[in-house]
Structure formats: structure tokens, C-alpha cells
1. Only helical DSSP H runs with n ≥ 4 go in: add -39500 (n - 2.57) per run for the chain, normalise by residue count and round the 222 nm mean residue ellipticity to 500 deg cm²/dmol.
2. Quick check: residue separation of Val10 and Asp113 times 0.36 nm, minus the Cα distance between them. What number comes out in nm?
3. With θ set to phi - 60°, apply the Karplus curve 6.51 cos²θ - 1.76 cosθ + 1.60 along segment 112-123 and write out the HN-Hα couplings as whole Hz, x wherever there is a Gly or Pro.
4. Which entry in (1) 18; (2) 30; (3) 12 matches percent of Cα pairs over 27 Å apart derived from the coordinates of this structure?
5. Whole-Hz ³J(HN,Hα) for each residue in segment 62-70, computed from phi via Karplus 6.51 cos²θ - 1.76 cosθ + 1.60 with θ = phi - 60°, x for glycine and proline: what do you get?
6. Quick check for the chain: number of Lys pairs with alpha-carbon distance under 13 Å, counting only pairs 8 or more apart or on different chains?
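Just so it is clear, none of the values below were taken in a lab; they were calculated from the coordinates. Treat the numbers as computed from the prediction; the structure is a model and nothing was measured.
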Amino acid sequence: MNKQETFPVVKSEEEWRRILTPEQFAVLRGNGTERPGSCALLVEKRPGTFVCAGCGQPLFKSGAKFESGTGWPSFFNPLEGSVGTSVDGSYGMRRTEVHCARCGGHLGHVFEDGPKPTGLRYCINGVATEFKPD
């Protein structure tokens, strides 16, 4: 996330640590990555909405989810205005990082190898989200 950007939901590091699990904190606030295939939301198929685990912002409808074979939940389209992006130059790569537009929490990355209609693959850490069934 762009550390200079401000977001509607702002909490201290102590507050984030209190409301998030250690794994959620490592991903959402520390730009970490969960192990591939480690999240139960990878196989979630019910109708509903994936929301930010940090602030509850609705991010993706289940109809935009697809099986990418990567080991992380993948979506071809976020809900309008729900996410932001920034350049991630970590690990000697140039990628597009995806963060929650409300709290700035790191969600994952977006790649241009997804299915129609967008051609995008939002590769999202499942631990950074929660699922709310319809």
C-alpha cells in the first residue's frame, strides 16, 4: 500500500493487533502472503460477498470468483470503488498490489491473465477477507 495515502478507516498498530489475528495482521498490515492452498475461502462457492477482514468493506461478489489453480482465491472484478492499487517492487518484481480502499489493508495482487470479461486476475489472500453469505 502507498504509505502516504490516507484512508477513511484509520487505526493504530495496537488497535489493528487487537482486532486481527496474527496471520491477518501479517497480511493486511504487513503486506504478507499466506501459504497457497491454506485458506478455507479458496473453496467457498456459496452466493455472497467477500469483505475486508480489517474493516468489513465489501470487496468481491462470489459471482466474480473463479478457480485459477494458484492456491489463492481469485476474482475477475472487484466491487466498484472497493479496492485501490499501487506499484509493488518487492522481491525484485514489478507487480500491482491491491489494497482495501477503506482501510488500506493489503489484499493481494492483480495480474492481466484472468478470464473474460475483464482479463484480470485479482489474486487475493483469503485470510485478508471474510465471507458473508447472501
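1. Taken over the chain, the calculation gives -2500 deg cm²/dmol.
2. 33.8 nm
3. 9, 10, x, x, 5, x, 9, x, 10, 10, 7, 8
4. Matching entry in (1) 18; (2) 30; (3) 12: (3).
5. Once θ is set to phi - 60°, the couplings for segment 62-70 become 4, x, 9, 8, 8, 8, 9, x, 8 Hz.
6. Qualifying lysine pairs in the chain: 5.
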